[in-house]
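Chemist: After the structure tokens below, expect a handful of questions from me.
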Amino acid sequence: MPKTSLHHHLVALWFADIAGYSARAAEDERGALQLVEILQALSRSTVQRYEGRVVKFLGDAVLAEFPSTELAVRAAAALSQQYAEQSAKSGRVHDLRIGVHIGDVAVDFDGDLYGDGVNATARIEAAVDPGQVVISEDVWRQIRGREGFRFEPLGDKTLKGVGSIGLYAVTVEDSATTRSVSDAETKTQRGEQRKGKIRSIAVLPFADLSAEGDQEHFSDGVAEEILNALSKIGGLRVPARTSCFAFRGASLDAREIGQRLAVETLLDGSIRKVGKRVRVGVQLVDAGNGYQLWSERFDREIEDIFAIQDEIARRVVEALGLALTEREECRFLKPSTTSVEAYEFYLRGRKLFHKWTRQSVEFARQMFERAVKIDPEFAAAWAGLANTYVDLFRWGRKPRDLEEAQHASEHALKLEPHLAEAYVSAGQALAIQRRYAEAATAFDRAIELDPTVFDAYYLYGRVLFESGDIEKAAKLFEKAQGARPEDYESRTLMAQALTQLGRQDEARRANELAVEAIEKYLELTPDEARPYSLGASVLIRLGETERSKGWTEQAMTLAPSDPLILYNAACNLALLGQSERALDGLERAIEAGVAVGDWITHDPDFESVRNHPRFQAIVKRIAAS
């Protein structure tokens, strides 16, 4: 069993195997093979009819799971009867032995099941006589009062690895079985009707199951590509990477994760790379009941990874009962490279960039550089490279970084003129040069090409705020919230914009919503400094001064030398009326490398020191740079 943390749920299970199979195989290999084929065909149809799932076939045996003990027992009885009838086609009648149990299981990312519940079920099945369906005492307790069942107590049995357990042989009346099939089919039809109404999904980080455990960048990258593809579908809400990936390694029930992310379904998976081959296992889970809706395993050459990503995303769309529009089809998972080696460096770069520290961004730049060196026509990698140079310029103010950002973004657009992300990169590079009109044109084009790209709205809003167009910035932050409802930064900045516009009632409500979003985010990622830092100023504007001080202290504890954390701490001191301490803090933030550009001119947090000679000197110094 993999050592990664897996989801657990309580489920009804049965194991079935063919009585007398080994002896038959020794004397009649063809007949024995036919017995297995009959078992597999009947198992698939019967399990599906009773709302179950075939977990796996193991030679002449099958493991299946069901959402209830009653459905599991009825399915077992139906399979036992049908198999006895159809096995005669092999030239001799054979019976099944079926053991039914209910227990806690761990669900692997390829849909396999592990745990004591599975082991106990296997032991029960091994104690069954041919033609019997035997249930554990736990199952008997749940169905003993149900119509149509007859039980024969078999007493307590001591089973290896299980201990003493009460067992019952069970038979099911034909009329009850028929009625149950009808009920199951009705529920299946209801499930199909509900399927088309599912409008939210979270893509959790895929587990790295490689022997060395060094492929997390690859497994994360594949999951993120699928997440990004699904987020482009109109009417389907997909929480952002940051929210979804906060559950990495969490031993939480699917229902709890679904509740926290406010989604109806979860997609998770695992990736194992061995040489030039890759195995990807995925499962789609109903977050309402923890039951698996679909799972599949892909075992292919590594060069097929782009096709695998596309196929998984399309299968999810199909499983949710959705369909792509022509425009969504055009935006759906279009890889801009065919080189797996370049793609791997791109994924490494993207993972490093997400950490967003000065050092990690520099390492990300190196990874993107290697990607474009291997494939000079890899447009997405050029766009990623442009983003790293923009941030490196913000921290170091080196003219060469700005030149490289401009070059990389322009080259990305030359290679792929319809890549929205490249226009976002270009917009940032232009804005940092204070070429605001040209930056606006780039951002507008990005939104035109792909209205689902959150960064286009959010970063465009920041640029407009910085250039002084506060009214339009507020509208862009509102649109950013539409693209990513759980995001706290766009809500915080919208509240700032409304405050600057003097729309106090709206600003107060926006601040309240921002705090709610930050609190939800901190439930998932309590060790991140930025939400505490931004939230502290929001709390001050809401009059929660003491709580704000606590959040500021927490942010400083988590990231004491981060330039943006220092800047926000200075903002908070200014809001509290501590002018000199605020200006000292602002000086420290600038020394640490914060790059606020024209933002500081319009930041309402510094309203109390706007006319202070020290503040005006700082603004002049920043403008000159």
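The values are calculated or read from the model by the stated rules, or taken from the named source; none is laboratory data. Bear in mind that the values here come from a model prediction, so they are computed numbers and not experimental data. As a convention, Cβ positions derive from the backbone with ideal geometry for all residues, glycine included, and neighbour counts pool all protein chains shown. SASA here: full protein model, heavy atoms, side chains in, ligands and nucleic acids out. Shrake-Rupley method; radii C 1.70, N 1.55, O 1.52, S 1.80 Å.
Chemist: Can you give the FRET efficiency for C330 and E212, using 1/(1 + (r/R0)^6), R0 = 45 Å, r = Cβ-Cβ distance, to the nearest 0.05?
Modeler: Calculated transfer efficiency: 0.70.
Chemist: Give the carbon-plus-sulfur fraction of the accessible surface of region 20-142 in %, rounded to a whole number; probe 1.4 Å, heavy atoms of protein chains only.
Modeler: Details: 2160 of 4870 Å².
Carbon-and-sulfur percentage of accessible area, whole number: 44.
Chemist: If you don't mind, there's one more thing I want to ask. From the C-alpha coordinates alone, can you work out the Kirkwood hydrodynamic radius of region 285-380, in Å? Show your work: numbers first, answer last.
Modeler: Details: mean 1/r = 0.0633 Å⁻¹.
The answer is 15.8 Å.
Chemist: Something else about it: Using 1/(1 + (r/R0)^6) with R0 = 30 angstrom and r between the beta carbons of N611 and K398, what's the FRET efficiency to the nearest 0.05?
Modeler: Numbers: r = 33 Å, r/R0 = 1.10.
According to the calculation, E is roughly 0.35.
Chemist: Okay, next question. Can you give the accessible area per residue of the chain, in Å², using a 1.4 Å probe? If you can, show how the numbers build up before the last one.
Modeler: Working: 27280 Å² over 625 residues.
Per-residue accessible area for the chain comes out at 44 Å².
Chemist: How would T557, T492 rank on accessible area, largest to smallest, probe 1.4 Å?
Modeler: So the residues, ranked largest to smallest area, are T557, T492.
Chemist: Taking 0.36 nm per intervening residue step and subtracting the Cα-Cα distance, what contour gain separates R44 from E362 on full extension?
Modeler: 109.2 nm
Chemist: Against the 2.2 N^0.38 Å scaling, with N counting residues, where does the chain land? I'd like the Cα-based Rg ratio to two decimal places.
Modeler: 1.17
Chemist: Could you run the Debye sum over the Cα atoms of region 479-560, one equal point scatterer each and no solvent, and tell me log10 of I(q)/I(0) at q = 0.13 Å⁻¹, two decimals?
Modeler: The Debye formula, applied to the Cα set alone, gives -0.37.
Chemist: Top to bottom by accessible area (1.4 Å), largest first, where do E403, E466 land?
Modeler: From most accessible down to least: E403, E466.
Chemist: Sticking with this one: Sort M367, M556 by accessible area with a 1.4 Å probe, largest first.
Modeler: Putting M367, M556 in descending order of accessible area: M556, M367.
Chemist: How much length, in nm to one decimal, is gained on full extension between R248 and S68, taken as 0.36 nm per residue of separation minus their Cα-Cα distance?
Modeler: Taking 0.36 nm per residue and subtracting the Cα distance, the gain is 61.9 nm.
Chemist: Quantify how much of the Cα-Cα distance distribution of region 368-497 extends past 16 Å, in percent.
Modeler: Tail of P(r) above 16 Å: 61 percent of Cα pairs.
Chemist: Considering only protein heavy atoms and a probe of 1.4 Å, how much of the accessible area of region 448-514 is carbon and sulfur, as a whole percent? Write out the running numbers ahead of the final one.
Modeler: Numbers: 1160 of 2700 Å².
After summing per-atom areas, the C and S share lands at 43 percent.
Chemist: For region 107-172, what is the Kirkwood hydrodynamic radius in Å, using each pair of distinct C-alpha atoms?
Modeler: 12.9
Chemist: Please report, as a whole percent, how much of the solvent-accessible surface of region 266-347 comes from carbon and sulfur atoms (probe radius 1.4 Å). Spell out each step's value before the answer.
Modeler: On the way: 1690 of 3490 Å².
Looking at region 266-347 in its full context, I get 48 percent from C and S.
Chemist: Describe numerically, in nm with one decimal, the distance between label points set 7 Å from Cα along Cα→Cβ at L558 and at E512.
Modeler: 2.5
Chemist: When N counts the residues of region 449-600, how does its alpha-carbon radius of gyration compare numerically with 2.2 N^0.38 Å, as a ratio?
Modeler: 1.00
Chemist: Please identify which residues in region 411-454 have an amide N closer than 17 Å to a label point set 7 Å out from the Cα of T601, following the Cα→Cβ vector.
Modeler: Taking a point 7 Å out along Cα→Cβ of T601, the residues of region 411-454 whose backbone N falls under 17 Å are 430-440.
Chemist: Related question: For labels at H407 and L58 in the simple 7 Å Cα→Cβ model, what's the distance in nm?
Modeler: Those two pseudo-labels are separated by 6.0 nm.
Chemist: Moving to a separate point now. S548: accessible area at probe 1.4 Å, nearest 10 Å²?
Modeler: 0
Chemist: Run the 1.4 Å probe and let me know the accessible area of K398, rounded to the nearest 10 Å².
Modeler: For K398, the solvent-accessible surface is approximately 130 Å².
Chemist: Give me the distance in nm between label points sitting 7 Å out from Cα along the Cα-to-Cβ direction at K475 and D104, one decimal.
Modeler: Between K475 and D104, the label points sit 5.5 nm apart.
Chemist: Continuing with the same structure: What FRET efficiency do you get for H354 and R30 if R0 is 56 Å and r is their Cβ-Cβ distance, rounded to the nearest 0.05?
Modeler: Values: r = 56 Å, r/R0 = 1.01.
With R0 = 56 Å, the Cβ-Cβ based efficiency is 0.50.
Chemist: So what's the projected area for region 201-265, the Cα convex hull averaged over all directions, in nm²?
Modeler: Averaging across all directions leaves 4.5 nm² for the Cα convex hull.
Chemist: Under 15 Å from a point 7 Å along the Cα-to-Cβ line of D505: which residues of region 535-557 have their amide N that close?
Modeler: In region 535-557, the label zone of D505 (backbone N under 15 Å from the point 7 Å along Cα→Cβ) covers no residue.
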